[in-house]
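Asks: Sharing a structure here in structure tokens format.
The values are calculated or read from the model by the stated rules, or taken from the named source; none is laboratory data. Quantities reported herein were computed from a predicted structural model and do not represent experimental measurements. Virtual Cβ from ideal backbone geometry, glycine too; neighbours counted across all protein chains shown.
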Amino acid sequence: MPSQDWVRTSLRTPGILVFGMVLAPCGWILDLVATVSPNWRTINAITGQPANQFIQQGIWDICRATETSQLGCGVQDTAYFNEKIIPIAQGLMVASLVTNFIGLAIAIAGVRCWRDTPRWTLAGIGGLVIFLSGVMTLIPIAWYTHILESIPVSSPSTDIRAGYSIILGYIGAIFEIVGGLVMCIGICRCCGGRNRGEKPVEEVMGSQFRHRKNTPPRRVEVPSLSSSKSTASSVPYSRDSLDEDVSFPRAKPAPRSVRTPHTDRPYDVDL
């Protein structure tokens with residue numbers, strides 16, 4: 001069976017590629033904030049400490065703070081950093097950032113900002129790499145949330161909450177997973193080519209033929225050369241009408257001089 005030819009109906013960048021190229025950088029920024037910020041877990045109501053003081057724990061640092069100020073970071077907690085989830089989260093979050101960056105570089109080369117037709121395979125591979133980066137972010141975030149209250153604490157507390165880094169990590173991972181999956185849809189043509197913004201050549205040519213067939217021919221008015229000459233003149237007056245018009249005085253013509261053939265010598269009768 002001969003392969004079917006396809007043609008793009010628009011030179012605009014396909015929507016699935018635009019969608020993925022917007023969500024992937026947004027997810028990368030959110031993951032970066034979640035990685036470096038020391039607020040994966042917040043410990044409140046610490047025994048022996050003021051009521052307004054709390055501890056913020058991340059995967060790289062621990063800080064003490066109050067509701068109005070930051071008291072300091074670099075708090076040592078050996079039991080916390082020796083927990084199994086911490087080194088795994090450090091490695092996966094950094095790997096996710098690097099992988100997302102690589103996926104964006106591959107996808108940019110295939111999106112075709114400077115070409116008439118996208119490189120669908122290259123763009124799909126970039127989307128797959130971005131999807132993997134989202135998965136690498138989601139694994140430590142979900143694991144840390146699951147064992148949030150079982151991670152050892154140096155100071156006894158009864159109020160342990162998830163920090164904003166967990167929320168940002170979830171949103172960033174979802175952005176990367178959804179954006180990467182949408183870009184992967186372009187690897188294979190489906191839904192009648194609508195996922196790529198393409199149509200079969202036969203369908204496009206047939207629609208153009210039907211449009212021309214249904215369009216009535218344009219009528220052109222051609223002046224006839226055999227039409228009788230009109231007696232009406234386009235000039236609102238004629239020479240005869242000017243001669244008959246006596247509503248204004250006319251200047252009298254100058255008398256004509258009569259030249260006689262005789263010379264200027266006087267005769268006898270003149271004397």
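Asks: When the range 56-74 is examined, which residues are found to be under 20 Å from GLN90 (Cα atoms) and in contact with a Lys or Arg (Cβ under 6 Å, 6 or more places away or on another chain)?
Replies: Selection gives GLN57 alone.
Asks: For the range 1-116, which fully contained helices (runs of 4 or more DSSP H) count at least 2 residues that are touching a helix residue (DSSP H, G or I) at 6+ places or on another chain (Cβ under 7 Å) and at pLDDT below 90? It would help to see each step written out before you state the result.
Replies: Numbers: elements: 15-36, 78-81, 85-111.
Helices (runs of 4 or more DSSP H) meeting the threshold: 15-36, 85-111.
Asks: I want to confirm something. Restricting to the range 34-64 and keeping residues that are surrounded by fewer than 15 Cβ atoms within 10 Å (Cβ to Cβ) and touching a residue at least 40 places away in the same chain (Cβ under 8 Å), which single residue is nearest to the chain's Cα centre (by Cα)?
Replies: ALA45
Asks: Which residues, counting only those in the range 67-121, are basic (Lys, Arg) and under 28 Å from TRP143 (Cβ atoms)?
Replies: LYS84
Asks: Based on what the data block shows, is THR78 of a type outside the set (Asp, Glu) and closer than 21 Å to SER154 by Cα?
Replies: yes
Asks: Please state which one of GLU67, GLU83 is touching a residue at least 60 places away in the same chain (Cβ under 8 Å), charged (D, E, K, R), surrounded by fewer than 19 Cβ atoms within 10 Å (Cβ to Cβ) and under 25 Å from TYR164 (Cβ atoms).
Replies: Matching residue, one of GLU67, GLU83: GLU83.
Asks: When the range 135-163 is examined, which residues are found to be aromatic (Phe, Trp, Tyr) and either surrounded by 20 or more Cβ atoms within 10 Å (Cβ to Cβ) or under 30 Å from the mean Cα position of the chain (by Cα) (or both)?
Replies: Across the range 135-163, the qualifying residue is only TYR144.
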